[in-house]
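Structure, as C-alpha cells:
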Amino acid sequence: MQDLSDAGKGYSNGWGFTNSFNTEMYTGGIEEGLPPNEAGMSRNDTDFMHVYNWKKLAELAKNKKNYKLVNGHKVIPISVAVANDALFLIPEPKSPHGVDVSPDGKYITVCGKLDTHASVYSMEKIKALIKKKDYLGKDPYGINILDMKKALHGQVELGLGPLHNQYSNVDGEIYTSLYVDSQVVKWNYKTLKVIDKINVHYNIGHLCGMEGKSADPQGDYIIALNKLTIDRFVQVGPLHPQNHQLIDISGKKMDMLVDMPLPLGEPHQAVAIRTSKLHTAVRYKMGTNTKTGKTHKGKTLAGQERIERKGNQVTVYATLVRSHINPERITVNLGDEVTIYMTNLERAQDETHGFTVDNYNVHASLEPGETSTVKFVADREGVFPYYCTEFCSALHLEMMGYLMVKDPNKKYVSATKLKMKTMTKAELQAEYDKVVAVNAATDAVIQSVVAFLKANGFDKYPDVANLVTDAFDQYGQIPAQKKKADAAKKAGDMEKAILFEGMIWQYMVKTADVGIRAKDNLVKHISTKQSAAAARGDIAFDEGGCSGCHVVGKVSSGPDLTGVLGRHENGEKWVAEFIKHPEKKFNEPYVKAMIDYFKLRMPNQHMSDAEIKDIVEYFKWIDENANLF
Amino acid sequence: MKSINTFTTLCVAGAIAATTSYASGGSALQKVMKDRGLNEKDVIRAAKTYNPSGVHDKYVVFSSGGQSGQVIVYGVPSMRLLKYIGVFTPEPWQGYGYDEESKAVLAQGRIRGKDITWGDTHHPGLSETDGKYDGKWLAINDKANPRIAIIDLHDFETKQIVVNPVFKSEHGGSFFTPNSEYIIEAAQYAAPFDNEYHSIEDYKETFRGGVTLWKFDHKKVVL
C-alpha cells in the first residue's frame, strides 16, 4: 500500500518518491479471530520507499507493448518498470508518512510514525548504487532493493511520532512535525543536528512552510496543522474546530504567534505562496463560461434579452445589472423545461449578482462578465419570485421578478381590478418637472466630478481609471432612457415619462457613487503626504466629532475649514484656543456672525492639547492641498 | 510685557502637552494590556500578525478542507480566512453545484456512473516552473474517492475533476513535477485494479497499489 509521495527536483529531477506500508501484506480479519490490521501491518521494522523514474515511465507508456489497458487506463506492469531500471525499493523505517525532497533535490527525508528518527537519504548515493547495480536483493515481485545503509546520508533522533517536513530559506534547515510529542522540531538535514523545539496544541499532522516544499523556500513562518484542539478555543460542543498555529521562524528560537480555528472539515496539508505571485482577475470577458474559459452560448448583451419557446422547451436569455433582472416576468406552462441563461453585464469590481428562483433549488453566483445557466422542469404550478441573492446596490431588494407557472388545462378567472387613485394632469406635470430638476442638479454634481478628474489626470492611475470606466458605463445608459422619456412625454404619457426620468436618476446615482470613489482615490494619489501629526489630526478630526458639522471643501452644518488658519490673526493659536474653549470666543464679532448664520454654536468637544495640535497640523495639510477639495 | 508673559506660558504649555501625549499613549496600551491580561510578548506577537484595515497579507495559504471536500484560503501572517473554494462538494454561495456549468464540473467526478457529492481533500499542490511555485494552478486530491481536481488561480474556481480509473482509494497526491509536466498520484489502500470481485485470499496476486502520472497541460485545463 502506498502513502505520501514527492517529485524530485534539481539534482533528482525526473525521479519520484513514494512511501509504502504493509509490506507484510497483512489482510486483517478481526471477525475471524485474527489480530487487527494495525498489528499485522506494522510488524516488520521497515517498509519500502519506492524510487521511480517518471521520465522513463512516461516514455515507456508511449509504446503499446509496455503497458496493459485496465478500465481504459494504461498500466505499466512491475516487470516492465524493473526491466527498464525505472523502479527501485529502499527500506525505510516502518509505517512511514512524509517523504520530502530538499530544495536542491539532493536529499530525501523520510519520517516513520513509529520510529523516533528521521532518515535522510542521499540522491547522489542512490544514483551511484543504481549505476553500479549494487542491489541488496529483490522483493517477491522482482523489484531490486537498494541497501538502506548505503543509500542513507544519516539518521537523527527527533522525538516521538515524526511525520512531515518543510524547508526554509536557510541552507540545511528543515522543520519536522512530531505527532505524539505535539512539537515542531527545527534541525539540519546536512549536519544532522537538532537545533530547536516548540510545543504545539495538539498532535500536529502536516506543517506548512512559506513555499516550504518548492525549490525556493522563503522561511518567515511555519504553520502547525494540529489534529486536536481540546482547550484552545471557546467550547462549541463535542466536535471541535481544527487549530492552525502560526510560528515565527525568523529568529534563533521559534516563537508561537497566534492560533486560528478552522471550523469546517479537518485540513490535512496546506501550501503557501507569496501573494505577489498570484495574479487574479476581478472580471471576466463579457459572456464567459467561467468553467471552460470560453464564450458562453447563452451570452446575452443589453437589448438582446428574450424568451424563446420550442414545444415545451423554454429558453430565457437574461441579463443582470444594478438593479434589475431583464426579463422581469417569465411565464411558462406546467411541465415546461426551463433554461435560463444569465449574463452579469457589470464591469465594476466586486459587483456580483446572485440568482435564484424560489422553491426550485437553483442558485447561481455571477461575477462581473460571467454567463451561467440554471435549468429546471416547471413541475409545480404557481407564482415563484426570483431575485438577486447578493446585496449589490441600494436597490438590491427591487432586483427581482416572477416565474409564473400556468396549468394549460386550467381556466383562470381574472380577479376584480382594484381601483387606484389616478393623478391629475397638473399633478403629473409637477412631478415630471421635479424629477427633471433633480436630474439636472445631480448631473451638475457628476460634471463637476468629471471636470476634477480630467483636470487632475485621472488616467495616470489605473485604479482610478478603472473606476472612471465603470462610472461611464453607467452614465452611458442614460441617452437611451432619455429618448424613451422624451418619446413618452411627446405621446402625452406622463406616467411613463416620469418612470423613465426616474430610471435616468438611478443611473446617475450609480455613476456618482463610483465617480466620487474615483475622486477620493485620486485625491489620495495626488495630495502631498500627510505628516504623522497631520494623520493623527485627520483621525482626531473624525473621532472628535468635528466632521459631524464640518465637511472639508464644502459649507455644511458648519463653515468650510479650508483656509481656516489664514482667516484669523495668529491663526494657529486662534484655532487651537477656539477648539479648546469655544465658549470664550462666542462674543467675538466673527464667531457671532457664524452662530447667527448656521444657527449652531461650536460645541466644546473636550479635545486634549495634543489632539488639538495634531488637528492644526491636519488643517495645514488641507491648506497645502486646498485645490483638491 | 504682558505679551511676553503669554508667550512664555504658551511655550511651557506646549512642552507639557508633548509630555502628556507621550505618557497617555503609553498608558492607553498599558490599560489594554492590563484589561486583557496581556504581557509584552503577547503585544509583540499581536503586532506581528495584525493587519490594519486594507493591508494585505504577504502570503496566501491554500489548505485542504478535509471532509468538507473544499479548499480553504487564508492569509499569513494575519491568519484570516479569505475563501472556501467548492471542489468535490456543492457550495451554495458560489452557486457551485446549483448552476449547470458547475454541475458539469462535479459530474466529471462521477465514479462508475454514480454522483459522489463529498470528498476528503488531503494534499494541495501548486503548479511549478523550474521547481518554483508559479501561482497558476492548484491541484487537490480526494483520498476517499480517488480523484484530483484542478483549481485555476486566475479566478479561484474548480475547472476540472479527473477520476483515477484503477485505484479504489488514494493518498499521495497531488504533487507537480518541477515544470508541471505531470501530477503524481499514489494509491493508498491496495485493491484490485479492475472492477471485479476478488477473494482476500488472492491479496498478493490481485490487490495492487500504484502511482499514476497525470499529464498536465500547464496552459489549458486538460489532464
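The values are calculated or read from the model by the stated rules, or taken from the named source; none is laboratory data. Nothing here was measured: the structure is a model prediction, and the numbers come from that model. Heads up, the Cβs are rebuilt from the backbone with ideal geometry, glycines too, and the neighbour counts pull from every protein chain shown.
Between a first residue in the range A:248-269 that is more than 8 Å from every other protein chain (Cβ to nearest Cβ) and a second residue that is assigned to a strand (DSSP E or B) and hydroxyl-bearing (Ser, Thr, Tyr), which pairs have beta carbons less than 9 Å apart while being 6 or more apart in sequence or on different chains?
Correct list of pairs: A:ILE249/A:TYR175; A:ILE249/A:TYR221; A:SER250/A:TYR221; A:MET254/A:TYR175.
Mind checking which residues of the range B:119-135 are out of contact with any Asp or Glu (no Cβ under 7 Å at 6 or more places or on another chain), in a loop (DSSP other than H, G, I, E, B) and either more than 10 Å from chain A (Cβ to nearest Cβ) or surrounded by 19 or more Cβ atoms within 10 Å (Cβ to Cβ) (or both)? Before the answer, list the steps.
Let us first name the residues in the range B:119-135 that are out of contact with any Asp or Glu (no Cβ under 7 Å at 6 or more places or on another chain), namely B:122-126, B:129-131, B:135.
Still in the running and in a loop (DSSP other than H, G, I, E, B): B:122-124, B:130-131.
Selection gives B:HIS122, B:HIS123, B:PRO124, B:GLY131.
Enumerate the strands (runs of 3 or more DSSP E) found wholly within the range B:39-92, keeping only those where 1 or more residues are acidic (Asp, Glu), more than 19 Å from the chain's Cα centre (by Cα) and assigned by TED's automatic domain parsing to the domain that holds B:LEU126.
Values: elements: B:59-64, B:70-76, B:80-86.
So the answer is none; nothing clears 1.
Using the structure shown, decide if A:ILE198 is of a type in the set (Val, Ile, Thr), without any contact (Cβ under 8 Å) to a residue 60 or more places away in the chain and within 14 Å of chain B (Cβ to nearest Cβ).
Values: of a type in the set (Val, Ile, Thr): yes; without any contact (Cβ under 8 Å) to a residue 60 or more places away in the chain: yes; within 14 Å of chain B (Cβ to nearest Cβ): yes.
Yes.
Scan the range B:164-211 for residues that are within 30 Å of A:ASP216 (Cα to Cα), among the β-branched types (Val, Ile, Thr) and more than 8 Å from chain A (Cβ to nearest Cβ) and jot them down.
Residues of the range B:164-211 that are within 30 Å of A:ASP216 (Cα to Cα), as a first pass: B:170-188, B:210-211.
Cutting the leftovers down to among the β-branched types (Val, Ile, Thr) gives us B:177, B:183-184, B:211.
Across the range B:164-211, the qualifying residue is only B:ILE183.
Against the definition (more than 35 Å from the chain's Cα centre (by Cα), within 28 Å of A:LEU467 (Cβ to Cβ) and modelled with pLDDT of 85 or more), how does A:HIS550 come out, yes or no?
yes
Could you figure out which of (1) touching a residue at least 12 places away in the same chain (Cβ under 8 Å); (2) assigned to a helix (DSSP H, G or I); (3) not hydrophobic (A, V, I, L, M, F, W, C) isn't true of A:LYS454?
(1)
For residues that are at the interface with another protein chain (Cβ under 7 Å from one of its Cβ atoms) and either at pLDDT below 95 or crowded, with 21+ Cβ neighbours inside 10 Å (or both), tally how many sit in the range B:102-118. Give the derivation first.
At the first step, the residues of the range B:102-118 found to be at the interface with another protein chain (Cβ under 7 Å from one of its Cβ atoms) are B:102, B:104-105.
Retained after the next criterion (residues that are either at pLDDT below 95 or crowded, with 21+ Cβ neighbours inside 10 Å (or both)): B:102, B:105.
Summing the residues that are at the interface with another protein chain (Cβ under 7 Å from one of its Cβ atoms) and either at pLDDT below 95 or crowded, with 21+ Cβ neighbours inside 10 Å (or both) in the range B:102-118 gives 2.
So, restricting to strands (runs of 3 or more DSSP E) that lie completely within the range A:93-212, which ones have at least 3 residues that are within 33 Å of the chain's Cα centre (by Cα) and more than 24 Å from A:ALA7 (Cβ to Cβ)? Before you say what the answer is, go through the steps one by one.
Details: elements: A:96-101, A:107-112, A:117-122, A:152-157, A:162-167, A:173-178, A:183-188, A:193-199, A:204-210.
By residue number, A:183-188.
Look through the range A:303-340, keep the residues that are small (Gly, Ala, Ser) and within 37 Å of the chain's Cα centre (by Cα), and return whichever of them is surrounded by the most Cβ atoms within 10 Å (Cβ to Cβ). Walk me through how you get there before you give the answer.
Kept after step one, since they are small (Gly, Ala, Ser), are these residues of the range A:303-340: A:303, A:311, A:318, A:323, A:335.
Okay, now just the ones that are also within 37 Å of the chain's Cα centre (by Cα), so A:303, A:318, A:323.
Numbers: A:GLY303: 9, A:ALA318: 24, A:SER323: 18.
Among those residues, the one meeting the criterion is A:ALA318.
Among A:HIS550, A:HIS568, which is the only one that is within 25 Å of A:ALA451 (Cα to Cα), surrounded by 15 or more Cβ atoms within 10 Å (Cβ to Cβ), without any contact (Cβ under 8 Å) to a residue 24 or more places away in the chain and not assigned by TED's automatic domain parsing to the domain that holds A:VAL464?
Working: A:HIS568 fails: within 25 Å of A:ALA451 (Cα to Cα).
Within the list A:HIS550, A:HIS568, the selection yields A:HIS550.
Quick one: how many residues across the range A:227-245 are assigned to a strand (DSSP E or B) and either in contact with a Ser or Thr (Cβ under 8 Å, 6 or more places away or on another chain) or hydrophobic (A, V, I, L, M, F, W, C) (or both)? Before the answer, list the steps.
Kept after step one, since they are assigned to a strand (DSSP E or B), are these residues of the range A:227-245: A:242-245.
Those still in the list that are either in contact with a Ser or Thr (Cβ under 8 Å, 6 or more places away or on another chain) or hydrophobic (A, V, I, L, M, F, W, C) (or both) too: A:242-244.
Qualifying residue count, the range A:227-245: 3.
Any residue at all in the range A:101-109 that is of a type in the set (A, V, I, L, M, F, W, C), buried (at least 21 other Cβ atoms within 10 Å of the Cβ) and more than 12 Å from chain B (Cβ to nearest Cβ)?
Taking the range A:101-109 as the starting set, the residues that turn out to be of a type in the set (A, V, I, L, M, F, W, C) are A:101, A:108.
Going one step further and asking which of them are buried (at least 21 other Cβ atoms within 10 Å of the Cβ), we end up with A:101, A:108.
Pick out the ones that are also more than 12 Å from chain B (Cβ to nearest Cβ) and you get A:108.
Among the residues of the range A:101-109, at least one is of a type in the set (A, V, I, L, M, F, W, C), buried (at least 21 other Cβ atoms within 10 Å of the Cβ) and more than 12 Å from chain B (Cβ to nearest Cβ), which makes the answer yes.
Might you let me know whether the range A:318-327 holds any residue that is touching a residue at least 12 places away in the same chain (Cβ under 8 Å), at the interface with another protein chain (Cβ under 10 Å from one of its Cβ atoms) and not β-branched (Val, Ile, Thr)? Write out each step before concluding.
Our first condition is that a residue be touching a residue at least 12 places away in the same chain (Cβ under 8 Å); within the range A:318-327, this holds for A:318-327.
Restricting the remaining residues to those that are at the interface with another protein chain (Cβ under 10 Å from one of its Cβ atoms) gives none.
No, the range A:318-327 has no match at all.
Restricting to the range B:152-187, give me the number of residues that are over 21 Å from the mean Cα position of the chain (by Cα), crowded, with 23+ Cβ neighbours inside 10 Å and assigned to a loop (DSSP other than H, G, I, E, B).
2
Can you say whether A:LYS573 is modelled with pLDDT of 90 or more, assigned to a helix (DSSP H, G or I) and closer than 27 Å to A:ASP520 by Cβ, as far as the supplied structure shows?
So A:LYS573 does not fit the description; no.
Could you identify the single residue in A:GLY287, A:GLY293, A:GLY303 that is under 30 Å from A:GLU351 (Cα atoms) and facing another protein chain (nearest Cβ under 10 Å)? Show your work before the answer.
Details: A:GLY287 fails: facing another protein chain (nearest Cβ under 10 Å); A:GLY303 fails: facing another protein chain (nearest Cβ under 10 Å).
Unique residue meeting the criteria: A:GLY293.
Could you check how many residues of the range A:323-354 are closer than 17 Å to A:GLY303 by Cβ and assigned to a loop (DSSP other than H, G, I, E, B)?
Start the filter on the range A:323-354 by keeping residues that are closer than 17 Å to A:GLY303 by Cβ, which leaves A:324-328, A:341-347.
With assigned to a loop (DSSP other than H, G, I, E, B) added as a condition, the list becomes A:327-328, A:345-347.
So the answer is 5.
What number goes with the only condition from (1) over 19 Å from A:ASP248 (Cβ atoms); (2) touching a residue at least 60 places away in the same chain (Cβ under 8 Å) that A:ALA128 does not pass?
(2)
Name the single residue, out of those in the range A:489-502 being over 46 Å from the mean Cα position of the chain (by Cα) and among the aliphatic types (A, V, I, L, M), that is surrounded by the most Cβ atoms within 10 Å (Cβ to Cβ).
To start, the set of residues in the range A:489-502 that are over 46 Å from the mean Cα position of the chain (by Cα) comprises A:489-494.
Going one step further and asking which of them are among the aliphatic types (A, V, I, L, M), we end up with A:491, A:494.
Details: A:ALA491: 10, A:MET494: 17.
Of everything passing the filter in the range A:489-502, A:MET494 is surrounded by the most Cβ atoms within 10 Å (Cβ to Cβ).
Given A:ALA348, A:ALA272, which one is small (Gly, Ala, Ser), closer than 30 Å to A:ILE198 by Cα and surrounded by 19 or more Cβ atoms within 10 Å (Cβ to Cβ)? I'd like the intermediate steps shown before the answer.
On the way: A:ALA348 fails: closer than 30 Å to A:ILE198 by Cα.
Every option except A:ALA272 fails the conditions.
Looking for whichever is of a type in the set (Val, Ile, Thr), in contact with an Asp or Glu (Cβ under 7 Å, 6 or more places away or on another chain) and at pLDDT 95 or above here; the options are B:VAL71, B:VAL76. Which one fits? Show your work before the answer.
Details: B:VAL71 fails: in contact with an Asp or Glu (Cβ under 7 Å, 6 or more places away or on another chain).
Step by step, each of B:VAL71, B:VAL76 is checked, and only B:VAL76 is of a type in the set (Val, Ile, Thr), in contact with an Asp or Glu (Cβ under 7 Å, 6 or more places away or on another chain) and at pLDDT 95 or above.
Quick check on my filter: what residues within the range A:600-621 are within 14 Å of chain B (Cβ to nearest Cβ), touching a residue at least 24 places away in the same chain (Cβ under 8 Å) and not β-branched (Val, Ile, Thr)?
Result: A:MET607, A:ASP609, A:GLU611, A:LYS613, A:ASP614, A:GLU617.
Just to be sure before I move on: is A:PHE619 among the aromatic types (Phe, Trp, Tyr), closer than 28 Å to A:HIS525 by Cβ and surrounded by fewer than 18 Cβ atoms within 10 Å (Cβ to Cβ) in the structure I sent?
Working: among the aromatic types (Phe, Trp, Tyr): yes; closer than 28 Å to A:HIS525 by Cβ: yes; surrounded by fewer than 18 Cβ atoms within 10 Å (Cβ to Cβ): no.
Considered against the rule, which asks whether it is among the aromatic types (Phe, Trp, Tyr), closer than 28 Å to A:HIS525 by Cβ and surrounded by fewer than 18 Cβ atoms within 10 Å (Cβ to Cβ), A:PHE619 comes out as no.
Surrounded by fewer than 17 Cβ atoms within 10 Å (Cβ to Cβ), farther than 17 Å from A:GLN474 by Cβ and either among the polar types (S, T, N, Q) or free of Cβ contacts under 8 Å to residues at least 60 places away in the same chain (or both): is that true of A:LYS375 in this structure? Walk me through it before giving the result.
Numbers: surrounded by fewer than 17 Cβ atoms within 10 Å (Cβ to Cβ): yes; farther than 17 Å from A:GLN474 by Cβ: yes; either among the polar types (S, T, N, Q) or free of Cβ contacts under 8 Å to residues at least 60 places away in the same chain (or both): yes.
Here the answer is yes, as A:LYS375 does meet what is asked.
For the range A:354-364, indicate whether the set of residues that are away from chain B (no Cβ under 14 Å) and either within 15 Å of A:MET400 (Cα to Cα) or buried (at least 17 other Cβ atoms within 10 Å of the Cβ) (or both) is non-empty. I'd like the intermediate steps shown before the answer.
Going residue by residue through the range A:354-364, those that are away from chain B (no Cβ under 14 Å) are none.
No, there is no match, as no residue in the range A:354-364 is away from chain B (no Cβ under 14 Å) and either within 15 Å of A:MET400 (Cα to Cα) or buried (at least 17 other Cβ atoms within 10 Å of the Cβ) (or both).
Which condition does A:ASP560 not pass, out of (1) of a type outside the set (Val, Ile, Thr); (2) touching a Gly at 6+ places or on another chain (Cβ under 8 Å); (3) touching a residue at least 60 places away in the same chain (Cβ under 8 Å), if it passes all the others?
Checking A:ASP560 against (1) of a type outside the set (Val, Ile, Thr); (2) touching a Gly at 6+ places or on another chain (Cβ under 8 Å); (3) touching a residue at least 60 places away in the same chain (Cβ under 8 Å), the one that fails is (3).
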